[in-house]
Amino acid sequence: MVDATSGVAKCCRDALAKPFGSVNMRALLFPMIEVVPLRPPLPFSLALLALATALPAVGEDLFADSESVPQILTATRLKQSPAAVPGSVTLIDRQLIEASGARSIPELMRLVPGMMVGYLSGNEGKINYHGSSVSEARRMQVLIDGRSVYRAGLATVDWVDIPVALEDIDRIEVFRGPNTVSYGANALMGVINIITRSPSESIGTRLKVTRGERGVNDWYASQGFNWQDGDMRLSLSGLQDDGFDHDDEGNAYRDGTRANRFNLSTTHRLDPQQTLDWQLAAKEGTNQRPYNYEPVFDDLIPGGITPGDNNSDVVARDYAGSMRWTFDMDPRHSLYVQGAVQHWDREQEWVACDAALAFSPQLAELWSLNPVLTKRVFRFPTRPLPAGTTTTEAALAQQVLQQMQEQVATQQPAVCGDVNQNIRETRYDFELQDTYSLTDSLRLLSGVGYRREEVESDTYFGGELNNDILRTFGHLEWTIDQHWILQGGAMLENDRNSGESLTPRIALNYLITPSHGLRAVYSEAVRTPDMAENNLDLRYLVSNLSQPVYGQSSAYYFSRVAGSGGLQEEHMRSRELGYNGLFANLGLSIDLKLFHEDVSDMISEAFTSDGYTPSNDNSMSFEGAETQIDWRLGARDRLRLTYAYVDQTGTEERDLRLSARNSGSAAWIREWPRDWSSSVIYYGADALNERRFERLDLRLAKRIHLGSAQLQIAGVLQQRLDDEALTWKENLYDDRQQFYLSAELDF
């Protein structure tokens, strides 16, 4: 049975992207090994020109007070200035979130250089850093306040189902590069850390509604409280839209979404040294899925088979709770203990119809023994069986052919029944972290963690599976003098299903000033196979059959897909050279990066109804350059530019789909007199699954003071500048424009 989420319409998505050429970045990363001149892309040259123009200002802020320098947490779990971070980080702050007018986290990721954003359907966003398969974006770690929302069962992140509203987010830190060292397996290509607002900064009432074209109907309400020793924020929110308008054949596209979310965040100050933070979150909603199932034996039924249903929608319920105790023993030593529990529940049920032959036990047995022979029997029923056919296979083939003849002779009607792809996942997570300044120049971070993953699905796994993961990690930062910082770290992880892995990172930062630094980084990372890759047992039980078949009122569909097991981790080796600088007197920050990344032992095969033969035989390489420039021109204007040049090669063509060689964004944010504000943002990518993407977003807002309250009215217009479908050829809109309007009241 074809997966309802990947039927005939989506089978067309196997069209492969054209392979790209290669630019030799190795010479730049390792000039002592070989010297090959490289002409950088024009936007990167412009970034270097901007840096050269601004360099005279370096002397003006030489060793200036660093309090104005933003602090980054995600890179190493230590608070560091951007110039001291062992890698590249993009910070999407509250102003940028609001100015973007975005309604979802995937749309915000377009502001991150090198981040590739695609859509399987209107409610299935896929995000990859630099690239790989668009349909399985499974190599990014995603955190909400330190709690992972990466689902280990099917190796995915359900972006539309994350139980947090954009209005509750303070900032998003994106570590652009492997970071298994800090966050364990699955942070292979990067980390997206969503950090919510502190309850102490959310006191009061906020109400917001958003209405617009394509069924946009969002709402948000929050109430913040405080008392002598604590703060609390309760927020409720909803998200709704209709997704894409139609597919490439002009049919209405059933891919809308509806979500309702609950969040409760609380901070208790137990004493001057101790705090207790806890959160509760829940999400309930429906993600529409187009009904793509097509019967296999349609030609055996006179007049064909009428579809048994019109949808295969997913009912999604998520629940999460976490608690963190922080103990600041003294200014040099702190400790925290965090525990979290999460549960994902996905119910996807529909009615499928097929000929009775589809439920034949003999056909199922023949398929399990020899799928190739089974296909030959149906394609050439009158031909002799090929040499090498066993006696058992021959006997089964004869029975199946006889059953097919009886089906045609008796004109048996189609048989319909209930099918599901239900899956439930639960995670228990515990972590202890210690941060200690051994001396004024030496900081040590260390910790241990335990995680248990449980998954239950009769369809995907034939029952229940679980996994236990133990980890210990550490990071040492040595400030050699006022210019040099040497950093090293490692994560030792023991995965009961995949074995033991050790991933290191070493970095050398040279601080021209506290706000300007050069970096050289080498790191390794791994991704463990998800439970489906190693333990898939995909088999559909069709219950409540409209009529008994072969003496059964419930029967398994003949097709069965099973993984072979024994897969090893994917491995990445990354080299990076970069510069990060903050010109405080100009309000200008710049980050430049050159990179070369090799991913080996990749698992690239997808499972289909025809079978599944995963392996660790694939590999990819990425090399290129990235830049991001953020320029605050006084109190009213902010300019922001990003650009990425990514050249990739790979052994599996399907992994080359979601990677644009040239991509980036340009934003102008302006605060006007009389409480008006505006933003203009351009997004562009030259080829995402061979489709160009260009869009211009305009936002205009007016803030109105109503005594102690404030009302903000904002309108967002998104104008597509290309004439392409979005990622897949089926993803089409009737109009290249979209407009929505929001009203927010704070009091």
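Each Lys or Arg adds one and each Asp or Glu subtracts one; over the other residues with Cβ under 14 Å from the Cβ of Pro386, this totals +3. Computed 3J(HN,Hα) for the range 721-738, one whole-Hz value per residue from the Karplus formula 6.51 cos²θ - 1.76 cosθ + 1.60 where θ = phi - 60°, is 9, 10, 10, 9, 5, 8, 6, 10, 5, 7, 8, 10, 10, 6, 10, 7, 10, 9, glycine and proline marked x. Over the range 151-287, accessible surface divided per residue gives 35 Å², non-protein components excluded, 1.4 Å probe. Taken over the chain, lysine pairs spaced eight or more positions apart, or on distinct chains, with alpha carbons under 22 Å apart number 11.
Residues of the range 434-470 falling in the label zone of Asp330, defined by backbone nitrogen less than 18 Å from a point 7 Å along Cα to beta-carbon, are 434-445.
For the range 590-655, with every protein chain kept in place, what is the accessible area per residue (1.4 Å probe, Å²)?
Accessible area per residue, the range 590-655: 34 Å².
Inter-part distance, the range 116-144 to the range 667-681, computed on C-alpha centroids, equals 31 Å.
With R₀ fixed at 45 Å, the C-beta to C-beta distance from Gln403 to Val341 puts the FRET efficiency at about 0.35. A simple packing score, the average count of other Cβ atoms within 10 Å per residue, orders the peptides 613-621, 174-182 as 174-182, 613-621, with the highest score first. Only one item in (1) 15, 48, 29, 7, 0; (2) 9, 11, 10, 10, 11, 21, 17, 8, 3, 1, 0; (3) 17, 49, 30, 4, 0 matches P(r) over Cα pairs in 20 Å bins from 0, in percent derived from the coordinates shown, and that item is (1).
Compared with the alpha-carbon gap, the fully stretched path from Phe262 to Asp637 is longer by 131.5 nm at 0.36 nm per residue.
Distance between the pseudo-spin-label points of Arg674 and Ala387 (7 Å out from Cα toward the beta carbon): 9.0 nm. Ranked by the mean number of other Cβ atoms within 10 Å per residue, highest first, peptides 333-343, 98-108, 400-410 order as 98-108, 333-343, 400-410.
For the pair Met323 and Tyr556, what calculated FRET efficiency results from E = 1/(1 + (r/R0)^6), where r is the Cβ-Cβ distance and R0 = 41 Å, to the nearest 0.05?
0.40
For the range 594-658, the set of trypsin sites (Lys or Arg not before Pro) satisfying both a DSSP loop assignment and a count of at most 16 other C-beta atoms within 10 Å is given as Arg636. Based solely on its DSSP helices, what 222 nm [θ] is calculated for the chain when runs of n ≥ 4 H residues each add -39,500 (n - 2.57) and the sum is averaged over all residues, nearest 500 deg cm²/dmol? After summing the helix terms and dividing by the residues of the chain, the value is -3000 deg cm²/dmol. Between Leu696 and Arg269, the simple spin-label model (points 7 angstrom out along Cα→Cβ) gives 5.0 nm.
Taking the protein heavy atoms of the chain in the context of the full set of protein chains, the accessible area attributed to carbon and sulfur is 55 percent at 1.4 Å. Computed packing ranks the peptides 704-714, 509-519 as 509-519, 704-714, most packed first, by mean other Cβ atoms within 10 Å.
Provide the gained length on full extension for the span Asn251 to Asp598, in nm with one decimal, where the gain is 0.36 nm per separating residue minus the Cα-Cα distance.
Contour length minus Cα-Cα distance gives 120.8 nm.
A straight chain from Leu438 to Asp93 at 0.36 nm per residue would run longer than the Cα-Cα distance by 121.0 nm. With a Förster radius of 30 Å applied to the C-beta separation of Gln710 and Leu73, the computed FRET efficiency comes to 0.50. Average accessible surface for the range 431-565: 42 Å² per residue, computed with a 1.4 Å probe over protein heavy atoms with every protein chain in place. Membrane-span-like helices in the chain, defined here as complete DSSP H runs extending at least 27 Å along the helix axis by their C-alpha atoms with mean Kyte-Doolittle hydropathy no lower than 1.6, are absent; this is a sequence and geometry rule, not a statement about a membrane.
The values are calculated or read from the model by the stated rules, or taken from the named source; none is laboratory data. Just so you know, these numbers come straight off a predicted model, no measurement behind them. Quick reminder, even Gly has a Cβ in these numbers, built from the backbone with ideal geometry, and neighbours come from all protein chains shown. These accessible areas exclude ligands, DNA and RNA; they are computed on the full protein's heavy atoms, side chains included. Shrake-Rupley method; radii C 1.70, N 1.55, O 1.52, S 1.80 Å.
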